[in-house]
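Working notes for the structure below.
The values are calculated or read from the model by the stated rules, or taken from the named source; none is laboratory data. No experiment lies behind these values; they were computed from the predicted model shown. Reconstructed Cβ throughout: ideal geometry from the backbone, glycine too, with neighbour counts over all protein chains shown.
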Amino acid sequence: MKRGPGDPGGLRVIDFHTHLPLTRAGGDAREAARLLVREMDGAGVSLALAIAIEASPGVFLKHVTPAAVRSALEAFTYDWRALSHPTLYRAMLDPEGAVKGHLELIRRHRAPSELVAEAAEASGGRILAVASCSRAGGVEACVERLERLRGRIVGVKLYPTLDFIRPNHPELEPLLDYAESEGLILVVHTGCDPGLWELPAFCAYANPRYLEDVARRHRDLLIVAAHMGSYSYLMPGVYLAEALRLARSRGNVYLDTSATTLQDVKAALARVGPEKLLFGSDYPYYANASMRQAVEEILHSSLPERVKEKILWENAESLLRWAGVRP
Ligand SMILES: [Zn+2]
């Protein structure tokens, strides 16, 4: 693999984890698609999955009260990492302000499933849409929405952090059944999340161990544990061991590399092998890095060339084919 990213005759990388740059596009789906495709062109990425982001202000306010923030921060009063984290430090001084600020964040980063599907259709086959659904309106309503999006989405994502629910909660069963019977890929956020979700009290539902029985009970459901359970500012690699155990023991569980380190990827290769890893950039959200930088981190690493090919496209290709999508 001598060619570099951006060379049109070169790579056919599949990015399994991106989001629409909707804010930058002024909320316009077609413009967001254009920006995402431009970023892909610059990175040598031929196909990307764009994942919707939906969180309910009501669910958030129910779980993240100023008192809950105070109590979640208690254990970190003398933790230098928390003290040097601007958002967490500010939350210590002003829990009410932190709640308000995060409510605003939820609104700003909202990327509804319908808009993502619209962007995918405007992308000339370069973007595939992954829906998401907050449980606020009830899981049945969620399934109905997915049904209306039939044929326009390839998967659905659960955010145990934003939705404050573990993925094996009985309430989510109808959604899991639907995804399994329709061949929708189930993407699940695992690990912590930026902001207040750095705190274990708010990211514990995103422990991949809650996917163990989901994967066992739904054998035909393809599950991608996003971020390998690893992302955490306070405790880097927070649930990595659980994610690797899960992917090793369950044939229908894959891991994406977004918001992880090369060290995490190497740990996954050693424990799980190269077949279960999918490249993901988390563009435009991860540490202000470009999609190209994310590709290059794998491409220019010391990993064997065959392993790079598997992570960057082969595994994604076969997984998408399994889900009935011809990349
Ligand atoms: Zn993401």
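Is it the case that Arg271 is surrounded by fewer than 18 Cβ atoms within 10 Å (Cβ to Cβ), modelled with pLDDT of 95 or more, within 20 Å of Thr190 (Cβ to Cβ) and not aromatic (Phe, Trp, Tyr)?
The answer is yes for Arg271.
Given the conditions (1) more than 13 Å from the ligand (Cβ to nearest atom); (2) under 25 Å from Ile53 (Cα atoms); (3) outside any helix (DSSP H, G or I); (4) touching a Leu at 6+ places or on another chain (Cβ under 8 Å), report the number of the one that Ala247 does not fulfil.
The one condition Ala247 does not meet is (3).
Across the range 225-243, which residue is farthest from the ligand (Cβ to nearest atom) among those that are surrounded by 24 or more Cβ atoms within 10 Å (Cβ to Cβ) and part of a helix (DSSP H, G or I)?
Ranking the qualifying residues of the range 225-243, first place goes to Leu240.
So which residues in the range 305-327 are closer than 25 Å to Glu180 by Cβ and among the aliphatic types (A, V, I, L, M), if there are any at all?
Answer for the range 305-327, where residues must be closer than 25 Å to Glu180 by Cβ and among the aliphatic types (A, V, I, L, M): Ala316, Leu319, Leu320, Ala323, Val325.
Here's the yes/no breakdown for (1) over 30 Å from Gly151 (Cβ atoms); (2) modelled with pLDDT under 95:
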| site | (1), (2) |
| --- | --- |
| Ala241 | yes, no |
| Leu255 | no, no |
| Thr261 | yes, yes |
| Glu275 | no, no |
| Gly280 | no, no |
| Ala287 | yes, yes |
| Leu312 | no, no |
| Ala316 | no, no |
| Ala323 | no, yes |
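When you scan the range 163-182, do you find a residue that is hydrophobic (A, V, I, L, M, F, W, C), under 20 Å from the mean Cα position of the chain (by Cα) and within 16 Å of the ligand (Cβ to nearest atom), even just one? Walk me through how you get there before you give the answer.
First, the residues of the range 163-182 that are hydrophobic (A, V, I, L, M, F, W, C): 164-165, 172, 175-176, 179.
Applying the additional criterion that residues be under 20 Å from the mean Cα position of the chain (by Cα) yields 164-165, 172, 175-176, 179.
From what's left, within 16 Å of the ligand (Cβ to nearest atom): none.
The answer is no, given that none of the residues of the range 163-182 is hydrophobic (A, V, I, L, M, F, W, C), under 20 Å from the mean Cα position of the chain (by Cα) and within 16 Å of the ligand (Cβ to nearest atom).
Matching residues to (1) modelled with pLDDT of 95 or more; (2) within 15 Å of the ligand (Cβ to nearest atom); (3) within 29 Å of Arg81 (Cβ to Cβ):
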{"position": "Thr190", "(1), (2), (3)": "yes, yes, yes"}
{"position": "Asp193", "(1), (2), (3)": "no, yes, yes"}
{"position": "Pro200", "(1), (2), (3)": "no, no, yes"}
{"position": "Tyr205", "(1), (2), (3)": "yes, no, yes"}
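Which helices (runs of 4 or more DSSP H) does the range 143-216 wholly contain that include 2 or more residues that are under 28 Å from Leu234 (Cβ atoms), in contact (Cβ under 8 Å) with a residue 12 or more places away in the chain and among the hydrophobic types (A, V, I, L, M, F, W, C)?
Passing ranges, in order: 200-203.
Here is a check on your reading of the model: is Leu105 more than 13 Å from Val59 (Cβ to Cβ) and at pLDDT below 95?
So Leu105 fits the description; yes.
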